[in-house]
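Undergrad: Next up is a structure, given as structure tokens.
The values are calculated or read from the model by the stated rules, or taken from the named source; none is laboratory data. Being a predicted model, the structure only gives us computed values, none of them experimental. Every residue, glycine among them, receives a Cβ derived from its backbone with ideal geometry; neighbour counts consider all protein chains shown.
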Amino acid sequence: MDTLDELRAEARAGGGEDKTRKRHEEGRLTARERLDVLLDKDSFNELGMFVTHDCHDFGMEEKKFLGDGVVTGYGTVHGRLVYVISEDFTVLGGSLSKKYAEKIALTQSLALKNGAPMINLKDSGGARIQEGIDSLAGYGMVFMGNVRASGVIPQISVIMGPCAGGAVYSPALTDFVFMVDSRSYMFLTGPDVIREVTHEEVTFEELGGAAAHNSKSGVAHFRCDSEEQALSMVRELLTYLPQNNMEDPPVVVHKKRTGLRGKLGSLVKQVRGGGREEALERVLPDNQSLPYDMKRIIAGIVDEDSFFEVHRHFAPSIIVGFGRLEGMTIGIVANQPAHLAGVLDTLSSAKAARFVRFCDSFNIPLLVLEDAPGFLPGVSQEHTGVIKEGAKLLYAFCEATVPRITVVIRKAYGGAYIAMNSKQIGADLNFAWPTAQIAVMGAEGAVKILFRRQLASSPEPEDERRQLVDQYNLKFSNPYVSASKGYIDEVIKPSETRSRLIAAFSSLRTKLEKRIDRKHGNMPL
């Protein structure tokens, strides 16, 4: 028994007191301390504590540590089972060996067999060079595990330190990536290599920090101020997700949020004038050309303080995230008129498509709030693949079999109308506010094309143009025209939106949609 206790103490010490002290001086938690923050108290059960590497080259026989630099096992978050991996930078820089990879692969396999989320806390210098190709083979095992689990169990990566070289592909294969400001770095090749090869000068933060990957590359979905905040947000995210693809998301009774992203709480208060629903009548500006914040509408529809935004800093012309209606999780995709008028472009289309596919994989109903004037025009957009990226969004919605509801708030023009979960691509129910304008294009543009000659010869072209615009809106753009053709199921008041959506999603809970059997489709990647 004494030997067991001694070995456990040795394993828990990681790389030793000096390295642990240095981590604390840098303001970082150790691998085990991170698990203490993430998991319910006293729920962690470790696996592979006594594993060591089997490398005999470069003096590695003298550098053996119990656990080999990665802590693996299972525990609970809010009483629900999760499997965890926490990389220990104090042990050989957290470098990955063959045995290290085998520990990860075993944990992935157990998570998959037991249908529980997989959470990886990454803090590693990369492959253990001393092991050569064995280390690279280890990465292959990990990547294969990620792909096998994709769409079966939720996979979450939290970047707590460096994540470089081939190691970056594991988080990229998972569903959500969290990063911490001034702590997290992800890149294939570091600043030194870039300087040597391309002669570009760049810092670690500029190249692969939390800001870069949240706002520029889109690799990361959440940007956090501290390790503790990141782990708390992971706990919150899990409350919206099912354990696996065979279960439904949990129903959570409303509990007022005290903290992490209080901005939306203030938006709820802004939306409220007299009552929660009635205040939605006052969100839209009288001038249809003026912007507004779609988050105010989201705040007025979902349960109070329940909106959990994903990818907030990336492609801001579209909003994606989770919310609740009467405690039921829904995924929300919404155009953001406050940024680029809510247009779809290459980045926003890909952002929305990935989110739609995640929700469909895990039985999360989808709500689309549409105010889309179209796809962003421009040479750059065409040359960077707006056709292909827009097709991704179309494909994602067409493929989805979860309950899908769209509410057209204002503009729904051209291809953007089709792509944003229209009736024609399989939406179950389509509602529109009285302010909705559904047409091939806006009235102004249509009048310029249709009446170009008439306006050119008119003695008072401006007055005539205004009259023609009004006539076009009356005849073609208003929601009642689309409703008369069956493209809109019901025109509803803004104040009715929440209650109608609660009833609509409730009616779709038993939805069953079967598709033709196939190996997989060929999505336009």
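Undergrad: For residues that are buried (at least 16 other Cβ atoms within 10 Å of the Cβ) and either acidic (Asp, Glu) or over 18 Å from the mean Cα position of the chain (by Cα) (or both), tally how many sit in the stretch 210-229.
TA: Counting residues in the stretch 210-229 that are buried (at least 16 other Cβ atoms within 10 Å of the Cβ) and either acidic (Asp, Glu) or over 18 Å from the mean Cα position of the chain (by Cα) (or both) gives 1.
Undergrad: A follow-up question, please. When the residues of the stretch 93-118 are narrowed to those that are over 19 Å from residue 50 (Cα atoms) and among the hydrophobic types (A, V, I, L, M, F, W, C), which ends up nearest to the chain's Cα centre (by Cα)?
TA: 118
Undergrad: So which of 499, 507, 477 ends up being free of Cβ contacts under 8 Å to residues at least 40 places away in the same chain and within 36 Å of the chain's Cα centre (by Cα)? First the steps, then the outcome.
TA: On the way: 499 fails: free of Cβ contacts under 8 Å to residues at least 40 places away in the same chain; 477 fails: free of Cβ contacts under 8 Å to residues at least 40 places away in the same chain.
Unique residue meeting the criteria: 507.
Undergrad: Residues that are assigned to a strand (DSSP E or B), surrounded by 20 or more Cβ atoms within 10 Å (Cβ to Cβ) and touching a residue at least 12 places away in the same chain (Cβ under 8 Å): does the stretch 351-365 have at least one?
TA: no
Undergrad: Can I ask one more? Please specify each residue of the stretch 276-304 satisfying the condition of being touching a Ser or Thr at 6+ places or on another chain (Cβ under 8 Å), surrounded by fewer than 17 Cβ atoms within 10 Å (Cβ to Cβ) and modelled with pLDDT under 85.
TA: Across the stretch 276-304, the qualifying residue is only 278.
Undergrad: Which of the following residues is part of a loop (DSSP other than H, G, I, E, B), small (Gly, Ala, Ser) and farther than 16 Å from residue 499 by Cβ: 289, 348?
TA: Details: 348 fails: part of a loop (DSSP other than H, G, I, E, B).
Only one candidate passes the filter, namely 289.
Undergrad: Let me ask something else about it. Please work out which one of (1) buried (at least 23 other Cβ atoms within 10 Å of the Cβ); (2) touching a helix residue (DSSP H, G or I) at 6+ places or on another chain (Cβ under 6 Å) is the condition residue 77 fails and give its number.
TA: (1)
Undergrad: Scan the stretch 381-400 for residues that are outside any helix (DSSP H, G or I) and over 19 Å from the mean Cα position of the chain (by Cα) and jot them down. Break it down into steps so the answer makes sense when it comes.
TA: From the stretch 381-400, those outside any helix (DSSP H, G or I) are 384-385, 400; that's our starting set.
Answer for the stretch 381-400, where residues must be outside any helix (DSSP H, G or I) and over 19 Å from the mean Cα position of the chain (by Cα): 384, 385.
Undergrad: When the stretch 54-111 is examined, which residues are found to be out of contact with any Ser or Thr (no Cβ under 9 Å at 6 or more places or on another chain), at positive phi and either outside any helix (DSSP H, G or I) or not aliphatic (A, V, I, L, M) (or both)?
TA: Selection gives 58, 59.
Undergrad: Now for a separate question. Could you give me the residue pairs with C-beta distances under 7 Å whose first residue belongs to the stretch 422-449 and is at positive phi, whose second residue is among the polar types (S, T, N, Q) and modelled with pLDDT under 95 wherever it lies, and which are 6+ apart or on separate chains?
TA: Every condition considered, no pair remains.
Undergrad: If a residue has to be small (Gly, Ala, Ser), within 21 Å of residue 298 (Cβ to Cβ) and not in a strand (DSSP E or B) to count, how many in the stretch 404-447 make the cut?
TA: From the stretch 404-447, those small (Gly, Ala, Ser) are 412, 414-416, 419, 422, 426-427, 432, 436, 439, 442-443, 445-446; that's our starting set.
With the extra rule that they be within 21 Å of residue 298 (Cβ to Cβ), the set shrinks to 412, 416, 419, 422, 427, 432, 436.
Checking which are not in a strand (DSSP E or B) leaves us with 416, 419, 422, 427, 436.
Number of matching residues: 5.
Undergrad: Next question. Go through the stretch 183-212 and give me each residue that's of a type in the set (D, E, K, R) and touching a residue at least 12 places away in the same chain (Cβ under 8 Å).
TA: So the first thing to find is which residues in the stretch 183-212 are of a type in the set (D, E, K, R), and the list is 183, 192, 195-196, 200-201, 205-206.
183, 205 - these are the residues of the stretch 183-212 that are of a type in the set (D, E, K, R) and touching a residue at least 12 places away in the same chain (Cβ under 8 Å).
Undergrad: Then there is this: Grab the strands (runs of 3 or more DSSP E) fully contained in the stretch 164-245, keeping just those with 2 or more residues being in contact with a Cys (Cβ under 9 Å, 6 or more places away or on another chain). Outline the logic, then answer.
TA: Details: elements: 176-180, 185-187, 222-224.
The qualifying strands (runs of 3 or more DSSP E) are 176-180, 185-187.
Undergrad: For residue 464, all conditions in the list (1) more than 30 Å from the chain's Cα centre (by Cα); (2) crowded, with 18+ Cβ neighbours inside 10 Å; (3) not basic (Lys, Arg) hold save one; what is the number of the exception?
TA: So the condition that residue 464 fails would be (2).
Undergrad: What single numbered condition from (1) more than 25 Å from residue 134 (Cβ to Cβ); (2) modelled with pLDDT of 95 or more; (3) outside any helix (DSSP H, G or I) fails to hold for residue 32?
TA: (3) is the only condition that residue 32 fails.
Undergrad: Within the stretch 261-275, which residues are in a loop (DSSP other than H, G, I, E, B) and either at pLDDT 95 or above or exposed (fewer than 14 other Cβ atoms within 10 Å of the Cβ) (or both)? Break it down stepwise before answering.
TA: Residues of the stretch 261-275 that are in a loop (DSSP other than H, G, I, E, B), as a first pass: 261-262, 272-275.
Scanning the stretch 261-275 gives 262, 273, 274, 275.
Undergrad: Between a first residue in the stretch 279-292 that is over 21 Å from residue 317 (Cα atoms) and a second residue that is exposed (fewer than 14 other Cβ atoms within 10 Å of the Cβ), which pairs have beta carbons less than 8 Å apart while being 6 or more apart in sequence or on different chains?
TA: From the stretch 279-292, the pairs are 279/273; 281/493; 282/273.
Each row is one residue, and each column tells you yes or no for (1) touching a residue at least 60 places away in the same chain (Cβ under 8 Å); (2) surrounded by fewer than 24 Cβ atoms within 10 Å (Cβ to Cβ).
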{"site": "123", "(1), (2)": "yes, no"}
{"site": "128", "(1), (2)": "yes, no"}
{"site": "137", "(1), (2)": "no, yes"}
{"site": "143", "(1), (2)": "no, yes"}
{"site": "146", "(1), (2)": "no, yes"}
{"site": "168", "(1), (2)": "no, yes"}
{"site": "171", "(1), (2)": "no, no"}
{"site": "178", "(1), (2)": "no, no"}
{"site": "181", "(1), (2)": "no, yes"}
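Undergrad: Let me ask you something else. In this structure, does residue 486 turn out to be surrounded by fewer than 15 Cβ atoms within 10 Å (Cβ to Cβ) and in contact (Cβ under 8 Å) with a residue 24 or more places away in the chain?
TA: The answer is yes for residue 486.
Undergrad: Write out, first by first residue and then by second, each pair whose Cβ atoms fall under 8 Å of each other, whose residues are 6+ apart or on separate chains, and whose first residue, in the stretch 95-119, is closer than 13 Å to residue 143 by Cα and without any contact (Cβ under 8 Å) to a residue 60 or more places away in the chain while the second is in a helix (DSSP H, G or I) and among the hydroxyl-bearing types (Ser, Thr, Tyr).
TA: Hits for this filter: 101/135; 101/139.
Undergrad: If you don't mind, another one. Of the conditions (1) in a loop (DSSP other than H, G, I, E, B); (2) loosely packed, with under 14 Cβ neighbours inside 10 Å, residue 43 fails just one. Which one is it?
TA: Tallying (1) in a loop (DSSP other than H, G, I, E, B); (2) loosely packed, with under 14 Cβ neighbours inside 10 Å, residue 43 fails exactly one: (2).
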